[in-house]
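J.: Below you'll find the structure I mean.
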Amino acid sequence: MNRRDLFESMAYIDSTILERSERRKRPARRPIRWWNAVAAVVAVALLLPVVHRLATYQPKKDGASNSSIADTTTSTSETQDAQQLEPVALSSFARAEAEYPEMAPYVQWDDYTTLEGFDSEGYYNAYSLWEADVEAQRQEPGYADSLTSYFSSSISAFLSAQSGENRAFSPLNVYFALGMMAEFSDEAGQQEILSLLSLPNMEALRSQAKAVWNGQYRDDGATTMRLASSLWMDEGFSLDDATLSTLAETYYASSYQGEMGSTRFNQALQAWLNRETGNRLLNQVNDLTLNQGTVLALATTVFYQAKWQQEFSPALTNDAIFHAAGGDVTCDMMQGTYYGNYYWGDHFSAVGKPMENGGGTMWLVLPDEGVAVDELLADQGTLAFLLSKGGWSQQKEMTIHLSLPRFDLTSEMDLVAGLKALGVQAVFDGGLPLTQMPHGVRVTTDEEGVTAVAYTVMEYESAEPEGEEIAFTLDRPFLFAITSEDGLPLFVGVVETP
C-alpha cells in the first residue's frame, strides 16, 4: 500500500475487529533446554516512527516528547534471575494475533526403543508426520535469489568502518524490518527500499517476504527458526481491517493498540518480545519502553535454535593465546575434529560447522596472515563466499581439526547512516519519519553451542591445501556467519577479541 492508501484506510476500529483477540492462540511452546540446544539466535527489530499530526490521529497530551524510545543500553552480562515483569494479558490490547503453523515433533529414535524392542511402526508413522510438516514449509529453489545483492551490500555497510571492535549484524532481521517499513512509507520511500532489495514492486516484496517466512520456519522441538512481527498503535492511531489483514498474511504480524507510554502498554510490548525471543533478552527487553510521543511502533523478531551435528568436548578446551589487534589475550579454546569441506579464496580460508536436523551452518572465515578483517569485508570475493551456500569452487574434503575460542560478543550500531548510504533516505524525512534505528547484537559460543541475540530499534593469495588434514585455528580476528538450511544469512559478525 502507498502512503495515500494507508492514510485513506485509517479509521476508528469496528467492534468486530476486536474479536480477533479471541482467536485460538498457538499452543504453548515446548520448553527449550539449553543443555539440549547447541545454537540459539534471537533477533529483535523495532521501528519507531513519529508521524505528523494526521486527521485520524487524536493526540492525548500537549507537549509530549518526540523521543521514540527509552535508552536500551545494557550490560554485556545477562543474568538468569532477571526480574520478571508483572503479568499482562496481551489479548487485552490485541486487535489481531498471528498464528504460526503447528509442526509434528522431531522424532527421537530413543523414544521408540524399550526393553521389549524397537517400535518401528510407531517410529516411521511419527517420522512421516514430521517429514510432511517440514516439506510443507520448503519453498521453490531460487525464491530469495534476488536478495543476494542486499545481503552483500548490507553486510559490508554495517560491519565495516568499526575496525578493532567486535560487531555483528542480522541481515534477515533487517530485511523484515525493511519490509514492514515499506508498508508505511510513501512512494519514494517504497521505491528506495524495493531498489535495495532488488524487487520490482510491493506485490513482489509481499510475495517474497511470505516465502522467506515460511521457508525459514521450523518449530519441531529440536530445531527452532521463527520470525515474528507486531504493530503497536497509540489509541488515536487507527488502521482498518484490510490493512491489518495484509500485514498479518504477509509478515505474520500481530496488532496491538493502547495508551502509548503507559506502564501497562509498555509491559504488553515487553511481554510480546519476551515471548517471541524465549526470554533470552530479559535484561534488555524489561528496560524497553515506548514514550508518549510515539504513535506507531513496529517490532520484528527472529529466533533460531539448533544442535551441532558434533559437539565440542569440554575436556579438550584449553587456554590459548588469541592475537587480537590490541595485543595478545588468553582465551578458552575449544577443540574438535570432524570431516568436512575446507574452503579458500584470495585472502581467506574457511570452514563450516554444521548443525543437526537441517538447522543450518556456522561459517568461520579466517583472514590470511597480514590481512585485516575489514579488508575481507570490502572484498567481493569474501562476500560471494558467504552467500554461496557452500557452492564455492575452491574447496576440498578434509579432516578438520577446529580450534574455536569461546567468545561473548556484544555490538551496537545505528542503522540510519548505513541505510542512507545504501540509498534508503526518504523514510527518514517523509510523512512517517523514523527518528532512530539502533541495532544491537550479542553472540556467545561455548562447547554446547552458540547463543545470539539481536534487536533493531527503528529508533591472500593461497594455494590448494596439500594433504588430507588441516588444523584450522582461529587465533586472530575472524569473520563468522550463521546461515539457515537454505543459505540465508541470519547473523554475520567479526570477532576482534574473544
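The values are calculated or read from the model by the stated rules, or taken from the named source; none is laboratory data. Just so it is clear, the structure is predicted and the values come from calculations on it, not from any experiment. Virtual Cβ from ideal backbone geometry, glycine too; neighbours counted across all protein chains shown. Accessible surface is based on the protein model in full, side chains and every heavy atom, while ligands, DNA and RNA are left aside. Shrake-Rupley method; radii C 1.70, N 1.55, O 1.52, S 1.80 Å.
J.: Considering segment 147-166 alone, what residues qualify as being among the hydroxyl-bearing types (S, T, Y) and either at positive phi or open to solvent by less than 80 Å² (accessible area, probe 1.4 Å) (or both)?
T.: Of everything in segment 147-166, those that are among the hydroxyl-bearing types (S, T, Y) and either at positive phi or open to solvent by less than 80 Å² (accessible area, probe 1.4 Å) (or both) turn out to be T148, S149, Y150, S152, S153, S154, S156, S160.
J.: Report whether or not S207 is assigned to a helix (DSSP H, G or I) and of a type in the set (S, T, Y). Spell out how you get there, then give the answer.
T.: Values: assigned to a helix (DSSP H, G or I): yes; of a type in the set (S, T, Y): yes.
When the stated conditions are applied, S207 passes them.
J.: Let me ask another. Take the residues in segment 251-267 that are within 21 Å of the chain's Cα centre (by Cα) and open to solvent by less than 10 Å² (accessible area, probe 1.4 Å), then tell me which one is farthest from A211 (Cα to Cα). Outline the logic, then answer.
T.: Filtering segment 251-267 down to residues within 21 Å of the chain's Cα centre (by Cα) leaves 251-255.
With open to solvent by less than 10 Å² (accessible area, probe 1.4 Å) added as a condition, the list becomes 251, 253-255.
Numbers: Y251: 10, A253: 15, S254: 18, S255: 21 Å.
Here the residue is S255.
J.: Which numbered condition trips up D234, out of (1) in contact with a Leu (Cβ under 8 Å, 6 or more places away or on another chain); (2) closer than 30 Å to A306 by Cα?
T.: Against the list (1) in contact with a Leu (Cβ under 8 Å, 6 or more places away or on another chain); (2) closer than 30 Å to A306 by Cα, D234 comes up short only on (2).
J.: While we're looking at this one, here's another question. Evaluate segment 389-407: report whether one residue or more is modelled with pLDDT under 85 and within 30 Å of G189 (Cβ to Cβ).
T.: Within segment 389-407, none of the residues are modelled with pLDDT under 85 and within 30 Å of G189 (Cβ to Cβ).
J.: Could you please give the count of residues in segment 234-250 that are open to solvent by 10 Å² or more (accessible area, probe 1.4 Å) and assigned to a strand (DSSP E or B)?
T.: Total satisfying the criteria: 0.
J.: Turning to a different aspect of this structure: When only residues in segment 408-445 that are of a type outside the set (D, E, K, R) and open to solvent by 50 Å² or more (accessible area, probe 1.4 Å) count, which is modelled with the lowest pLDDT?
T.: Applying the filter and picking the extreme gives T435.
J.: Oh, and also: Out of F184, F176, which single residue is open to solvent by less than 10 Å² (accessible area, probe 1.4 Å) and among the aromatic types (F, W, Y)?
T.: Criteria check complete, one pass: F176.
J.: When segment 129-146 is examined, which residues are found to be within 13 Å of K210 (Cα to Cα) and exposed (fewer than 11 other Cβ atoms within 10 Å of the Cβ)?
T.: E140
J.: Going through segment 446-498 one residue at a time, which ones are at pLDDT 90 or above, open to solvent by 40 Å² or more (accessible area, probe 1.4 Å) and out of contact with any Ser or Thr (no Cβ under 9 Å at 6 or more places or on another chain)?
T.: Once the filter is applied, which keeps residues that are at pLDDT 90 or above, open to solvent by 40 Å² or more (accessible area, probe 1.4 Å) and out of contact with any Ser or Thr (no Cβ under 9 Å at 6 or more places or on another chain), segment 446-498 yields only R476.
J.: Exactly one condition in (1) open to solvent by 10 Å² or more (accessible area, probe 1.4 Å); (2) part of a strand (DSSP E or B); (3) within 28 Å of S229 (Cα to Cα) is not met by Q284; state its number.
T.: Unmet condition: (2).
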